[in-house]
Each structure stands twice: as C-alpha cells, then as structure tokens.
Amino acid sequence: MNQIILASHGGLAAGARDTLEMIIGDVSRVHVISLKRDDKDQIDERTIALIDSFDASDKVYILTDMMGSSVNNSMVSVMSKRASVSVIAGMNFPLILEIALSSDPLPQSRLDEIIAQSRAGIQDVAALLAQKVQEDEEDDL
C-alpha cells in the first residue's frame, strides 16, 4: 500500500490534505509534516517516527513544497535512511491527487508520467487566452 506524506513550510501541506479530503473522501493514507516558523523540533525525526508507524511493506511518497528548501533537504535525509521512501519536490494538487488515487506502488514510468502531467497543468491562462484570440483573428483574415 502507498502512504503519502505532504511536507511543507507553514500550512500548505495541511491545506492540500484538506482539499484532497473534500474531493476523494478518505485520506487516511495521506499525512502532513509542516515546518512552522518557530518550530524547534527536527522535522526529519518526526517524519521517521511517522514512517516507522506504517506497515513495513508500505511504499512512502513524500511530496515537498519546493526543491532545495529546508523541508525538502530534510526529507532527502529521511529518504537516505528509509529504503521505502521516494521524495518528489515541487508538489501541486494534480500530483497529490494522482498519487493519492494510487493504492499500489507506482512504477517509475508511471510516476514520471504523473510528474509530467502535473507540470503541464501549470499554465499562464491569460497568455493562453491572448494566444487564442490572436489565432482566431488570424483565421478570420
């Protein structure tokens, strides 16, 4: 079974989990690790304790808010200590949703596909609309 840990600064991870629950209902396999401004606890220690509470056969996907951030760096440290862990940096909602809908470990090819689709969902809508208007005007000529 898959376990998902959303790891972020502030409330981003908790907000994403809340939104996910509104859409799919049961999010018992989705967990939150947050680094608050005044946290003194090491989040890698909290994360390892959480992972150690899972079934040993579970695959763990840790989705972090940003590549190179302190949270991401801590999760990479966790990954080096637990073989069941994969860290994916730069989470967005399509990524979270797709992984949450998968109960079995994802083959690397499928994970790559999900990441590519999630990246493709990041669009400048104003620019797309302007391009569409321009194309429509050119078609009218």
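The values are calculated or read from the model by the stated rules, or taken from the named source; none is laboratory data. As the structure is a prediction and not an experimental result, all values here were calculated from the model. Note that we place each Cβ from the backbone using ideal geometry, even for glycine, and neighbour counts take in every protein chain shown. Just the protein is used for accessible areas: all its heavy atoms, side chains included, with ligands, DNA and RNA removed. Shrake-Rupley method; radii C 1.70, N 1.55, O 1.52, S 1.80 Å.
Fully extending the segment from S70 to Q123, taken as 0.36 nm per residue of separation minus the present Cα-Cα distance, adds 16.4 nm.
Accessible area of K59, 1.4 Å probe, to the nearest 10 Å²? Surface accessible to solvent at K59 totals approximately 40 Å². Largest first, the extents of the alpha carbon coordinates of the chain on the three principal axes equal 65, 36, 29 Å.
Stretched out straight at 0.36 nm per residue, the stretch from D139 to A116 would grow longer than its current Cα-Cα span by 5.1 nm. The charge dipole of the stretch 35-141, taken about its Cα centre with unit charges on the Cβ atoms of Lys, Arg (+1), Asp and Glu (-1) only, comes to about 840 debye. Restricting attention to the stretch 17-141, the count of lysine pairs at 8 or more positions apart or across chains with alpha carbons under 29 Å apart stands at 5. Extending 7 Å from Cα along the Cβ direction at S109 and again at S84 yields two label points whose distance is 2.7 nm. Other residues whose C-beta falls under 13 angstrom from the C-beta of V30 contribute a net charge of -3, scoring Lys and Arg +1 and Asp and Glu -1.
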